[in-house]
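The structure appears below as C-alpha coordinates.
The values are calculated or read from the model by the stated rules, or taken from the named source; none is laboratory data. A quick note: this is a predicted structure, and the numbers were derived from the prediction, not measured. A quick note on method: Cβ atoms are made from the backbone with ideal geometry, for glycine too, and the neighbour counts reach across all protein chains shown.
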Amino acid sequence: MSADVRLYWIVWVAWALLAAATVPYLLVRPAPYGRHSRAGWGRVVDARLAWVLMEAPSPLGMILVFLLAHRASNAVALAALGLWLGHYLYRAFVFPLLLPPASNPMPIVVLVAGAFFNLVNVYLNGYWLFWLGPVRPVDWLSSWQFVGGTSLFFFGLLVHTLADHALRHLRQTQNGERGLPRGPLFRWLDCPNYFGEIVEWFGFALATWSPGGLIFALWTAANLVPRALRHHRWYRETFADYPASRRAVIPFVL
(Lines give C-alpha, C1' and ligand atoms only; values in the text may rest on other atoms or scores of the structure.)
Protein backbone atom coordinates (compact mmCIF):
# COMPACT_ATOMS: atom_id res chain seq x y z
CA MET A 1 0.00 0.00 0.00
CA SER A 2 1.44 3.36 -1.04
CA ALA A 3 1.84 6.26 1.38
CA ASP A 4 -0.94 8.19 -0.40
CA VAL A 5 -3.41 5.33 -0.06
CA ARG A 6 -2.42 4.72 3.58
CA LEU A 7 -2.95 8.39 4.43
CA TYR A 8 -6.30 8.36 2.67
CA TRP A 9 -7.58 5.44 4.74
CA ILE A 10 -6.27 6.96 7.98
CA VAL A 11 -8.24 10.13 7.25
CA TRP A 12 -11.28 8.05 6.22
CA VAL A 13 -11.33 6.05 9.45
CA ALA A 14 -10.74 9.15 11.61
CA TRP A 15 -13.59 10.93 9.78
CA ALA A 16 -15.90 7.96 10.31
CA LEU A 17 -15.12 7.87 14.04
CA LEU A 18 -15.76 11.60 14.31
CA ALA A 19 -19.13 11.17 12.59
CA ALA A 20 -20.10 8.48 15.10
CA ALA A 21 -19.06 10.73 18.00
CA THR A 22 -20.96 13.69 16.58
CA VAL A 23 -24.38 12.02 16.63
CA PRO A 24 -24.90 11.85 20.42
CA TYR A 25 -23.63 15.42 20.81
CA LEU A 26 -26.01 16.81 18.18
CA LEU A 27 -28.91 14.94 19.74
CA VAL A 28 -28.36 17.00 22.88
CA ARG A 29 -26.91 20.25 21.48
CA PRO A 30 -28.02 21.11 17.92
CA ALA A 31 -25.69 23.22 15.83
CA PRO A 32 -26.45 26.89 16.68
CA TYR A 33 -27.80 28.25 13.41
CA GLY A 34 -31.24 28.74 11.93
CA ARG A 35 -34.10 28.12 14.33
CA HIS A 36 -31.66 26.64 16.83
CA SER A 37 -29.53 29.80 17.05
CA ARG A 38 -28.53 30.75 20.58
CA ALA A 39 -26.22 33.15 22.33
CA GLY A 40 -22.72 32.28 23.50
CA TRP A 41 -21.11 31.30 20.18
CA GLY A 42 -19.20 34.50 19.47
CA ARG A 43 -19.44 36.87 16.53
CA VAL A 44 -21.96 36.21 13.81
CA VAL A 45 -22.20 36.78 10.04
CA ASP A 46 -25.20 37.50 7.85
CA ALA A 47 -26.80 34.14 7.02
CA ARG A 48 -26.67 34.59 3.25
CA LEU A 49 -22.97 35.49 3.20
CA ALA A 50 -22.18 32.74 5.70
CA TRP A 51 -23.79 30.03 3.56
CA VAL A 52 -21.83 31.13 0.50
CA LEU A 53 -18.51 31.23 2.36
CA MET A 54 -19.20 27.89 4.04
CA GLU A 55 -20.36 25.94 0.99
CA ALA A 56 -18.33 27.49 -1.85
CA PRO A 57 -15.12 25.57 -0.96
CA SER A 58 -16.87 22.36 -1.96
CA PRO A 59 -17.65 23.06 -5.64
CA LEU A 60 -14.53 25.18 -6.12
CA GLY A 61 -12.30 22.62 -4.40
CA MET A 62 -13.74 19.72 -6.37
CA ILE A 63 -13.23 21.56 -9.66
CA LEU A 64 -9.61 22.25 -8.69
CA VAL A 65 -8.92 18.61 -7.78
CA PHE A 66 -10.52 17.50 -11.04
CA LEU A 67 -8.44 19.89 -13.13
CA LEU A 68 -5.21 18.82 -11.40
CA ALA A 69 -5.92 15.14 -11.98
CA HIS A 70 -5.34 13.18 -15.18
CA ARG A 71 -8.90 12.05 -15.78
CA ALA A 72 -10.46 15.10 -17.41
CA SER A 73 -11.24 13.03 -20.53
CA ASN A 74 -12.84 10.20 -18.56
CA ALA A 75 -16.63 10.23 -18.96
CA VAL A 76 -17.28 8.60 -15.58
CA ALA A 77 -15.12 11.16 -13.76
CA LEU A 78 -16.94 13.96 -15.59
CA ALA A 79 -20.29 12.47 -14.57
CA ALA A 80 -19.22 12.28 -10.91
CA LEU A 81 -18.09 15.92 -11.04
CA GLY A 82 -21.40 16.86 -12.63
CA LEU A 83 -23.40 15.25 -9.83
CA TRP A 84 -21.30 17.00 -7.19
CA LEU A 85 -21.72 20.38 -8.85
CA GLY A 86 -25.42 19.75 -9.39
CA HIS A 87 -25.87 19.83 -5.63
CA TYR A 88 -23.30 22.42 -4.62
CA LEU A 89 -24.01 25.10 -7.19
CA TYR A 90 -27.50 25.16 -5.70
CA ARG A 91 -26.36 24.91 -2.08
CA ALA A 92 -23.52 27.44 -2.32
CA PHE A 93 -24.87 30.07 -4.71
CA VAL A 94 -28.63 29.70 -5.19
CA PHE A 95 -29.93 28.65 -1.78
CA PRO A 96 -28.18 31.50 0.14
CA LEU A 97 -29.52 34.18 -2.18
CA LEU A 98 -33.07 32.92 -1.64
CA LEU A 99 -32.89 32.97 2.15
CA PRO A 100 -35.38 35.33 3.82
CA PRO A 101 -33.84 38.63 4.96
CA ALA A 102 -34.99 37.81 8.51
CA SER A 103 -32.82 34.66 8.66
CA ASN A 104 -30.81 34.39 11.87
CA PRO A 105 -27.11 35.24 11.41
CA MET A 106 -24.62 32.39 11.65
CA PRO A 107 -21.79 32.23 14.20
CA ILE A 108 -18.37 32.48 12.58
CA VAL A 109 -17.31 29.29 14.36
CA VAL A 110 -20.11 27.38 12.59
CA LEU A 111 -19.08 28.90 9.26
CA VAL A 112 -15.46 27.84 9.74
CA ALA A 113 -16.40 24.35 10.94
CA GLY A 114 -18.70 23.92 7.94
CA ALA A 115 -16.03 25.07 5.48
CA PHE A 116 -13.52 22.65 7.04
CA PHE A 117 -16.09 19.84 6.80
CA ASN A 118 -16.55 20.59 3.11
CA LEU A 119 -12.82 20.62 2.40
CA VAL A 120 -12.32 17.25 4.07
CA ASN A 121 -15.13 15.84 1.97
CA VAL A 122 -13.56 17.29 -1.17
CA TYR A 123 -10.36 15.44 -0.29
CA LEU A 124 -12.09 12.14 0.50
CA ASN A 125 -14.26 12.25 -2.62
CA GLY A 126 -12.20 14.14 -5.18
CA TYR A 127 -8.89 12.51 -4.36
CA TRP A 128 -10.43 9.04 -4.62
CA LEU A 129 -12.54 9.67 -7.72
CA PHE A 130 -9.90 11.54 -9.70
CA TRP A 131 -6.60 10.16 -8.37
CA LEU A 132 -6.57 7.03 -6.22
CA GLY A 133 -9.64 5.08 -7.25
CA PRO A 134 -10.04 2.85 -10.31
CA VAL A 135 -10.42 4.43 -13.74
CA ARG A 136 -13.88 3.25 -14.72
CA PRO A 137 -14.75 2.54 -18.36
CA VAL A 138 -17.61 4.35 -20.07
CA ASP A 139 -19.92 1.33 -19.72
CA TRP A 140 -20.03 2.07 -15.96
CA LEU A 141 -22.56 4.74 -16.91
CA SER A 142 -25.03 1.97 -17.79
CA SER A 143 -24.31 -0.14 -14.69
CA TRP A 144 -27.02 -0.75 -12.10
CA GLN A 145 -24.97 1.17 -9.55
CA PHE A 146 -24.73 4.32 -11.65
CA VAL A 147 -28.27 4.23 -13.00
CA GLY A 148 -29.75 3.49 -9.58
CA GLY A 149 -27.51 5.95 -7.80
CA THR A 150 -28.12 8.85 -10.15
CA SER A 151 -31.87 8.18 -10.00
CA LEU A 152 -31.74 8.42 -6.22
CA PHE A 153 -29.53 11.50 -6.43
CA PHE A 154 -31.87 13.47 -8.67
CA PHE A 155 -34.94 12.31 -6.76
CA GLY A 156 -33.36 13.54 -3.52
CA LEU A 157 -32.24 16.81 -5.13
CA LEU A 158 -35.78 17.46 -6.39
CA VAL A 159 -37.35 16.71 -3.01
CA HIS A 160 -34.99 18.88 -1.03
CA THR A 161 -35.13 21.89 -3.38
CA LEU A 162 -38.93 21.77 -3.52
CA ALA A 163 -39.06 21.51 0.27
CA ASP A 164 -36.70 24.48 0.61
CA HIS A 165 -39.02 26.47 -1.67
CA ALA A 166 -42.09 25.50 0.36
CA LEU A 167 -40.42 26.57 3.62
CA ARG A 168 -39.38 29.92 2.16
CA HIS A 169 -42.91 30.53 0.91
CA LEU A 170 -44.33 29.67 4.32
CA ARG A 171 -42.10 32.26 6.02
CA GLN A 172 -43.13 34.88 3.47
CA THR A 173 -46.79 34.29 4.30
CA GLN A 174 -45.97 34.42 8.04
CA ASN A 175 -44.17 37.79 7.87
CA GLY A 176 -40.82 36.11 8.41
CA GLU A 177 -41.96 33.85 11.25
CA ARG A 178 -41.78 30.07 11.12
CA GLY A 179 -45.08 28.22 10.87
CA LEU A 180 -46.17 24.61 10.64
CA PRO A 181 -45.46 23.49 7.06
CA ARG A 182 -48.15 21.58 5.24
CA GLY A 183 -48.65 20.18 1.78
CA PRO A 184 -47.68 17.00 -0.10
CA LEU A 185 -44.01 17.00 0.88
CA PHE A 186 -44.83 17.57 4.56
CA ARG A 187 -47.65 15.05 4.82
CA TRP A 188 -45.41 12.42 6.40
CA LEU A 189 -42.28 14.38 7.36
CA ASP A 190 -41.24 17.54 9.19
CA CYS A 191 -37.98 17.72 7.21
CA PRO A 192 -38.37 16.45 3.64
CA ASN A 193 -35.49 18.77 2.74
CA TYR A 194 -33.19 16.76 5.01
CA PHE A 195 -34.65 13.48 3.78
CA GLY A 196 -33.96 14.55 0.20
CA GLU A 197 -30.38 15.53 0.96
CA ILE A 198 -29.68 12.22 2.70
CA VAL A 199 -31.13 10.31 -0.27
CA GLU A 200 -29.00 12.42 -2.62
CA TRP A 201 -25.72 11.47 -1.02
CA PHE A 202 -26.52 7.81 -0.65
CA GLY A 203 -27.36 7.94 -4.35
CA PHE A 204 -24.00 9.59 -5.04
CA ALA A 205 -22.25 6.90 -3.00
CA LEU A 206 -23.97 4.21 -5.05
CA ALA A 207 -23.34 5.91 -8.40
CA THR A 208 -19.62 6.39 -7.69
CA TRP A 209 -19.23 3.15 -5.68
CA SER A 210 -16.58 4.90 -3.64
CA PRO A 211 -15.46 5.06 0.00
CA GLY A 212 -15.57 8.85 -0.16
CA GLY A 213 -19.19 8.78 -1.27
CA LEU A 214 -20.07 6.34 1.49
CA ILE A 215 -18.53 8.35 4.32
CA PHE A 216 -20.11 11.54 3.02
CA ALA A 217 -23.54 9.88 2.98
CA LEU A 218 -23.03 8.62 6.52
CA TRP A 219 -21.86 12.06 7.66
CA THR A 220 -24.91 13.67 6.05
CA ALA A 221 -27.18 11.36 8.02
CA ALA A 222 -25.14 11.89 11.21
CA ASN A 223 -25.58 15.65 10.87
CA LEU A 224 -29.15 15.92 9.60
CA VAL A 225 -31.02 13.15 11.45
CA PRO A 226 -30.35 14.64 14.93
CA ARG A 227 -31.26 18.10 13.62
CA ALA A 228 -34.50 16.77 12.14
CA LEU A 229 -35.37 15.19 15.49
CA ARG A 230 -34.88 18.59 17.17
CA HIS A 231 -37.14 20.18 14.55
CA HIS A 232 -39.70 17.45 15.24
CA ARG A 233 -39.66 18.23 18.95
CA TRP A 234 -39.95 21.96 18.25
CA TYR A 235 -42.98 21.51 16.00
CA ARG A 236 -44.73 19.26 18.51
CA GLU A 237 -44.12 21.68 21.38
CA THR A 238 -45.03 24.80 19.39
CA PHE A 239 -48.18 23.86 17.45
CA ALA A 240 -51.26 22.43 19.12
CA ASP A 241 -52.59 21.13 15.78
CA TYR A 242 -49.41 19.21 14.96
CA PRO A 243 -50.28 16.00 12.99
CA ALA A 244 -49.63 13.04 15.29
CA SER A 245 -48.77 10.69 12.42
CA ARG A 246 -45.95 12.85 11.03
CA ARG A 247 -42.35 11.71 11.43
CA ALA A 248 -39.13 13.73 11.52
CA VAL A 249 -37.01 12.60 8.59
CA ILE A 250 -37.78 9.02 7.47
CA PRO A 251 -41.38 8.30 6.39
CA PHE A 252 -43.26 5.98 8.81
CA VAL A 253 -40.04 5.21 10.72
CA LEU A 254 -38.25 8.15 12.40
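List of remarks:
- Note on region 140-160: among residues that are at pLDDT 95 or above and not hydrophobic (A, V, I, L, M, F, W, C), the one that is nearest to ASN193 (Cα to Cα) is GLY156.
- Among the residues here, PHE153 does not qualify as more than 30 Å from VAL5 (Cβ to Cβ) and either out of contact with any Pro (no Cβ under 7 Å at 6 or more places or on another chain) or surrounded by fewer than 20 Cβ atoms within 10 Å (Cβ to Cβ) (or both).
- Residue within region 109-131 that is among the aliphatic types (A, V, I, L, M), in contact with a Ser or Thr (Cβ under 9 Å, 6 or more places away or on another chain) and over 18 Å from TRP84 (Cα atoms) present: no
- Pairs where the first residue, in region 10-24, is under 17 Å from LEU124 (Cα atoms) and in a helix (DSSP H, G or I) and the second is at pLDDT below 95 and among the charged types (D, E, K, R), C-beta under 8 Å, 6+ apart: none
- Residue match in region 49-67 (condition: in contact with a helix residue (DSSP H, G or I) (Cβ under 6 Å, 6 or more places away or on another chain), polar (S, T, N, Q) and closer than 27 Å to GLN172 by Cα): no
- Leading residue by the ranking (farthest from LEU97 (Cα to Cα)) among those in region 33-47 that are surrounded by fewer than 18 Cβ atoms within 10 Å (Cβ to Cβ) and either modelled with pLDDT under 85 or under 17 Å from the mean Cα position of the chain (by Cα) (or both): GLY40
- Within region 40-55, tally of residues that are assigned to a loop (DSSP other than H, G, I, E, B) and farther than 19 Å from ARG227 by Cβ: 3
- Pairs, first under 13 Å from LEU18 (Cα atoms) in region 200-222, second of a type in the set (Asp, Glu), C-beta under 7 Å, six or more apart: THR220/GLU197
- Evaluated against (1) of a type outside the set (A, V, I, L, M); (2) part of a helix (DSSP H, G or I); (3) out of contact with any Phe, Trp or Tyr (no Cβ under 6 Å at 6 or more places or on another chain); (4) more than 16 Å from PHE116 (Cβ to Cβ), PHE66 falls short on exactly one condition, (3).
- ALA113 being in contact (Cβ under 8 Å) with a residue 24 or more places away in the chain, aliphatic (A, V, I, L, M) and in a helix (DSSP H, G or I): no
- On the stretch given as region 75-116, residues that are surrounded by 19 or more Cβ atoms within 10 Å (Cβ to Cβ), of a type outside the set (Gly, Ala, Ser) and either more than 24 Å from THR173 (Cα to Cα) or modelled with pLDDT of 95 or more (or both) total 9.
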